[in-house]
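The values are calculated or read from the model by the stated rules, or taken from the named source; none is laboratory data. What you see is a predicted model, and the numbers here were worked out from it, not measured in a lab. Note that we place each Cβ from the backbone using ideal geometry, even for glycine, and neighbour counts take in every protein chain shown. All accessible areas refer to the heavy atoms of the entire protein, side chains included, with ligands and DNA or RNA removed. Shrake-Rupley method; radii C 1.70, N 1.55, O 1.52, S 1.80 Å.
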Amino acid sequence: MNLSRPARIALRTAAGLGFAVIYLPLLLVLVGSLNPDRSASWPPPGLTLDWWAAAWANEGAREALWTSVRAGGAATAIALVLGTLIAFAVQRHRFFGREAVSFAVVLPIALPGIVTGIALNSAFGTVLAPLGVGLGLFTVIVGHATFCIVVVFNNVTARLRRLPGSYEEAAMDLGAHTFRTFRDVTFPLLRSALLAGGLLAFALSFDEVVVTTFTAGPGVRTLPLWIFDNMTRPQQAPVVNVVAALLVLLSVIPIYAAQRLSSDTAGGGRV
């Protein structure tokens, strides 16, 4: 589509403003983590890494980081297994209610987080509380898995749509059983899609706040919850900036890797 010069200038200006609104606050957080002053003075009188050392020495922040890693890793593992199985069932088979199953799997990520959080909190209180299981890390993992499954499901489904079933049929005609066919033929073709879906799922779980608030018990604090709890404490402001900057960096890395994997595969760089 050919655009006039004023239209191109207007589009570039709008895009620049949009990127500025998105990324300028993140840049300010990073600069704030290097500010030697406890107050949010601007411009900063200098740059220092002392607050990064103080953040690493903060036991609460380290425990919250480890909790986020455990919750994200477990939720991603669950999502990879269930999301892949459901994708195969929906994409490779025809059965009554197939579209309803697909809709039910995708729905959680479209719902407002507060609705999902309230529903899960009520469900856990009704089902798990009588069994003596309270809110904690387990319920956080289950809550995160509900929307992480969607990411894996979408990635695997998109890949299966581009893969003809004749590959598996040819392997079986040559005598390979189901599991060997999956190991030698199907899995290599799905590997990058699974890795991309897993990375995106981990990133979503790692920085989730709303669902975590409703599913975590009083003794469980993930890194986003730790940031939220300490934002109102003036003495903790520099450390909060450091942890927030770290959270941004840890979220960007898997998303960037997943995007590169997806783009390489779409362009034929890898299968």
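The simple spin-label model puts a point 7 Å past each Cα toward its Cβ; for ILE9 and VAL133 those points are separated by 6.3 nm. Taking Lys and Arg as +1 and Asp and Glu as -1, the other residues whose beta-carbon sits under 13 Å from that of LEU200 total -1. Measuring nothing but protein heavy atoms, the accessible surface of the chain at 1.4 Å probe radius is 69 percent carbon and sulfur.
The residues of segment 64-264 expose, per residue, 51 Å² of accessible area to a 1.4 Å probe. A Förster radius of 51 Å, combined with the Cβ-Cβ distance separating TRP56 from PHE96, puts the computed FRET efficiency at roughly 0.40. For the chain, the longest principal axis of the Cα atoms and the long axis of helix 5-33 meet at an angle of about 60 degrees. Projecting the Cα atoms of ALA145, LEU107, LEU190 onto the dipole axis of segment 42-196, where Lys and Arg carry +1 and Asp and Glu carry -1 at the beta carbon, places LEU190 farthest toward the positive end. Placing dummy labels 7 Å off each Cα toward the beta-carbon, the span from GLN235 to PHE182 is 5.5 nm. Based on the Cβ-Cβ distance of ALA119 and TYR23, what FRET efficiency does E = 1/(1 + (r/R0)^6) give at R0 = 25 Å, to the nearest 0.05? E(calc), rounded to 0.05, equals 0.15. The chymotrypsin sites (Phe, Trp or Tyr not before Pro) of segment 21-126 that meet both conditions, a loop assignment by DSSP and at most 12 other Cβ atoms within 10 Å of the site Cβ, are PHE95, PHE96. Placing +1 on the Cβ of every Lys and Arg and -1 on the Cβ of every Asp and Glu, with no other charges, gives segment 64-264 a dipole of roughly 100 debye about its Cα centre. Working from Cα pairs under 8 Å separated by at least six residues, relative contact order for the chain is 29 percent. Of the peptides 42-49, 74-81, 106-113, the order by per-residue mean of other Cβ atoms within 10 Å, starting with the highest, comes out as 74-81, 106-113, 42-49.
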